[in-house]
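Heads up, the thing below is written out as structure tokens.
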């Protein structure tokens, strides 16, 4: 049995750890509500933007858009909407900069590596864009084994998520897409559902897929029902007119669409990370309380045993003197 001092030191150490985990839980709980509100408030805009984009995209399939030259690659909607043979896949992996969030980063890495294996089995090359530093060691360890490239790493973007952060990633992806360095873009993030539920999944960004069964991040009953009606035989689509013309509308909506999908993915990941940290720190705090209770019982037993032993020794000594 451990000495009384050792048990007491362990209890004090666990109490100090419990204070830290409790404080981290409270901080995460305060932040996750704000992050949850940001996610929920941005989803309606993302959904409406997606519907508008699909509407314009269908017109590009009917009316071929002329090739254009732009100063920035992300504004070159004609090149971004042009499908080609997929030889190299660009995968954006959104993790976190901080740990102590349970299995959050492990789930992200697992989802990303499964996706990389899938494309490698199909004979495609893979280039990875890492957002957040926590996934960097695991992805680097798998690099030589799965034979893929780490193209860029974004560390500071998660410190303050905004549209500018998303635009930075979007412009880099658009540059590589138009240069032909990548032929498709996938996002690996976590889909936030509630405080207790969030799942790692991948979203296909380019080439564009206007199908509710494949665009998971925008799926809901309204969209599924609308696309189901539109795909029925004999359905007559309403006449649409783009002012001043389709090209002008696309030049504005395509960069906005790509940037907004990345922005939505960052918000979903942030809310999921905070919720995971809050849950993990809550569990750690409860476990610490159980350990303290168990060690306190052990300490009391040891103390009682020591007192009993001292009394026995005193009685034995008194008996020897008689």
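Per-structure values
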{"read-out": "Options 14, 20; residue that is farther than 22 Å from residue 160 by Cβ, touching a residue at least 12 places away in the same chain (Cβ under 8 Å) and not assigned by TED's automatic domain parsing to the domain that holds residue 267", "value": "14"}
{"read-out": "Filter result for residue 257 (in contact with a helix residue (DSSP H, G or I) (Cβ under 8 Å, 6 or more places away or on another chain) and modelled with pLDDT under 75)", "value": "no"}
{"read-out": "Single residue of 36, 48 found to be over 30 Å from residue 280 (Cβ atoms) and assigned to a helix (DSSP H, G or I)", "value": "48"}
{"read-out": "Every pair of residues 6+ apart whose Cβ atoms lie under 8 Å, when the first sits in segment 281-309 and is more than 22 Å from residue 103 (Cα to Cα) while the second is exposed (fewer than 13 other Cβ atoms within 10 Å of the Cβ) and modelled with pLDDT under 90", "value": "298/1; 302/1; 302/3; 305/1"}
{"read-out": "Tally of residues being touching a helix residue (DSSP H, G or I) at 6+ places or on another chain (Cβ under 7 Å) and modelled with pLDDT of 90 or more across segment 70-91", "value": "3"}
{"read-out": "Any hit, segment 291-300, residues being assigned to a helix (DSSP H, G or I), modelled with pLDDT of 90 or more and under 19 Å from the mean Cα position of the chain (by Cα)", "value": "no"}
{"read-out": "Which numbered condition residue 252 fails, given (1) out of contact with any strand residue (DSSP E or B) (no Cβ under 7 Å at 6 or more places or on another chain); (2) closer than 23 Å to residue 169 by Cβ; (3) surrounded by 14 or more Cβ atoms within 10 Å (Cβ to Cβ); (4) at pLDDT 75 or above", "value": "(3)"}
{"read-out": "Some residue of segment 137-148 being at negative phi, out of contact with any strand residue (DSSP E or B) (no Cβ under 6 Å at 6 or more places or on another chain) and assigned to a loop (DSSP other than H, G, I, E, B)", "value": "no"}
{"read-out": "Residue tally, condition closer than 16 Å to residue 172 by Cα and crowded, with 18+ Cβ neighbours inside 10 Å, over segment 133-152", "value": "1"}
{"read-out": "Any hit, segment 153-162, residues being surrounded by 14 or more Cβ atoms within 10 Å (Cβ to Cβ), without any contact (Cβ under 8 Å) to a residue 40 or more places away in the chain and either over 15 Å from the mean Cα position of the chain (by Cα) or in the same structural domain as residue 274 (by TED's automatic domain parsing) (or both)", "value": "yes"}
{"read-out": "Enumeration of residues in segment 51-64 that are surrounded by fewer than 17 Cβ atoms within 10 Å (Cβ to Cβ) and either assigned to a loop (DSSP other than H, G, I, E, B) or modelled with pLDDT of 70 or more (or both)", "value": "51, 52, 55, 58, 59, 63, 64"}
{"read-out": "Test: residue in segment 121-131 that is assigned to a helix (DSSP H, G or I) and either without any contact (Cβ under 8 Å) to a residue 24 or more places away in the chain or crowded, with 18+ Cβ neighbours inside 10 Å (or both)", "value": "yes"}
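Okay, residues lined up against (1) under 18 Å from residue 198 (Cα atoms); (2) under 17 Å from the mean Cα position of the chain (by Cα):
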| position | (1), (2) |
| --- | --- |
| 83 | no, no |
| 89 | no, no |
| 92 | no, yes |
| 106 | yes, yes |
| 112 | yes, yes |
| 119 | no, no |
| 129 | no, yes |
| 135 | yes, yes |
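The values are calculated or read from the model by the stated rules, or taken from the named source; none is laboratory data. Quick caveat, the model's predicted, so the values are computed rather than measured. Neighbour counts run over all protein chains shown; Cβ positions are idealised from the backbone, glycine included.
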